[in-house]
Amino acid sequence: MRMIQPVQGATEPAGSYRSPRALLADCGLKPGDLPYAIDEAPDFPFLVPRALAARIQPGNPDDPILRQVLASMEERIDDPNSSTDPVGERNFAQDGGLIRKYPGRALLVTTGACAVHCRYCFRRHTDYAAVGMGRQLDTAIAAIQQDPSLHEIILSGGDPLSLSGPRLEALVDALAEIEHLRTLRLHSRSVVVDPSRVTRRLIDQLAATRLQVVMVTHVNHARELGADARDGLAAMARAGVTLLNQAVLLKGVNDQVETLAELSEALFANRVLPYYLHALDPVSGASHFRVSDAVALPLMQALRDRLPGYLVPRYVREVPGDASKRPVVEEHRITGP
């Protein structure tokens with residue numbers, strides 16, 4: 001069995017913003033310009049890479065990218081319907097960083113690091129040590145080898161592209177050696193917020209592996225797709241990587257039909273198919289982003305009326321204990337938040 005070094009040495013983009021005031025100043029804004037109060041000492045640390053900050057419209061206090069990343073005092077509002085483990089991952093965590101929730105596939109927590117700390121992140125309270133992150137990955141690789149029912153491994157985190165190049169390469173190679181695996185899926189926000197992580201070496205490895213590779217990007221607004229991100233997506237598509245996107249429906253960010261339609265069209269122009277639009281997971285500290293089903297369902301109908309079916313993402317909710325993500329449709333309006 002290929003030995004994997006401990007998961008450490010994950011990197012963050014150089015010069016990232018760690019102060020809300022510094023980011024605002026460079027965006028031509030002051031705290032008093034905003035319709036909400038900023039939190040300068042949030043429990044979930046503030047982190048924004050400069051590549052993403054460059055996509056923020058200067059002088060716009062309602063900028064949808066700024067809204068996703070700026071820590072606010074709204075995060076301190078107590079919501080009895082929220083949780084620090086909103087999708088029940090602790091119940092499915094196994095030693096070595098594996099999370100087994102669905103048949104045939106397993107999620108591997110590769111790192112707790114991410115290029116950006118999105119304020120709605122459903123893992124913002126995760127104790128990564130408790131799900132095995134930081135231990136040697138040999139335990140996880142051995143468990144995968146011993147379970148022939150697994151055919152797909154999902155690399156998540158944090159963000160798997162936050163791993164150093166050699167560590168990510170070693171992990172991909174080790175998974176490719178497991179005969180019963182067919183698909184390798186990576187979920188990454190770095191593709192758009194820190195596109196420098198999509199290196200030629202990474203693309204070459206993904207093209208060379210025997211596994212079918214799926215890259216699921218996390219893009220919530222069309223403005224996140226800068227030139228470098230578009231170049232990275234095009235290179236992955238040329239390498240044969242299947243490109244999908246999952247977004248989160250967020251109040252004040254993308255809860256308008258025009259915004260969602262523009263996102264789907266921008267993704268498709270860059271060879272990415274809209275995959276999921278998630279209802280916000282009820283994570284503590286993010287309730288101010290929630291869009292009610294009473295608003296979301298007509299919004300999805302308007303999107304279906306406007307776009308061809310292949311550009312309409314499935315609107316889903318993750319419910320702890322369910323065997324799959326639950327489509328949000330009319331009859332779920334009563335049970336959903």
Quiz item: Quick one: which of R201, R238, R223 is free of Cβ contacts under 8 Å to residues at least 12 places away in the same chain, farther than 25 Å from L98 by Cα and among the basic types (K, R)?
Solution: R238
Quiz prompt | Which listed residue is closer than 24 Å to T217 by Cβ, out of contact with any His (no Cβ under 6 Å at 6 or more places or on another chain) and among the acidic types (D, E), from D305, D281, D293 | solution = D281
Quiz item: Quick one: L52 ticks every box in (1) among the hydrophobic types (A, V, I, L, M, F, W, C); (2) in a loop (DSSP other than H, G, I, E, B); (3) touching a residue at least 40 places away in the same chain (Cβ under 8 Å) bar one, so which box is it?
Solution: (2)
Exercise. Any chance you could count how many residues in the stretch 306-328 are more than 19 Å from L267 (Cβ to Cβ) and exposed (fewer than 13 other Cβ atoms within 10 Å of the Cβ)?
Key: 4
Exercise. Go through the residues of the stretch 212-234 one by one and say whether even a single one is over 27 Å from Y315 (Cα atoms), of a type in the set (A, V, I, L, M, F, W, C) and either open to solvent by 30 Å² or more (accessible area, probe 1.4 Å) or touching a His at 6+ places or on another chain (Cβ under 9 Å) (or both).
Key: yes
Quiz prompt | Single residue of the stretch 218-242 satisfying the filter (of a type in the set (A, V, I, L, M, F, W, C), assigned to a loop (DSSP other than H, G, I, E, B) and under 21 Å from D62 (Cβ atoms)) that is farthest from the chain's Cα centre (by Cα) | solution = L225
Practice problem: Examine the stretch 253-261 for a residue that is modelled with pLDDT of 95 or more, in a loop (DSSP other than H, G, I, E, B), in contact with a strand residue (DSSP E or B) (Cβ under 9 Å, 6 or more places away or on another chain) and open to solvent by 50 Å² or more (accessible area, probe 1.4 Å), and state whether such a residue exists. | Solution: no
Quiz item: In the stretch 100-143, which residue that is β-branched (V, I, T) and surrounded by 21 or more Cβ atoms within 10 Å (Cβ to Cβ) is modelled with the lowest pLDDT?
Solution: V131
Practice problem: For L273, work out the one condition from (1) touching a helix residue (DSSP H, G or I) at 6+ places or on another chain (Cβ under 8 Å); (2) closer than 28 Å to P61 by Cβ it doesn't fulfil. | Solution: (2)
Exercise. State whether one or more residues within the stretch 49-66 are at pLDDT 95 or above, touching a Ser or Thr at 6+ places or on another chain (Cβ under 6 Å) and open to solvent by less than 20 Å² (accessible area, probe 1.4 Å).
Key: yes
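The values are calculated or read from the model by the stated rules, or taken from the named source; none is laboratory data. Owing to the predicted nature of the structure, the values given are computational and were not obtained by experimental measurement. For neighbour counting, all protein chains shown are included, and Cβ atoms are generated from backbone atoms with ideal geometry for every residue, glycine included. Heads up: the accessible areas ignore ligands, DNA and RNA and are worked out on the full protein's heavy atoms, side chains in. Shrake-Rupley method; radii C 1.70, N 1.55, O 1.52, S 1.80 Å.
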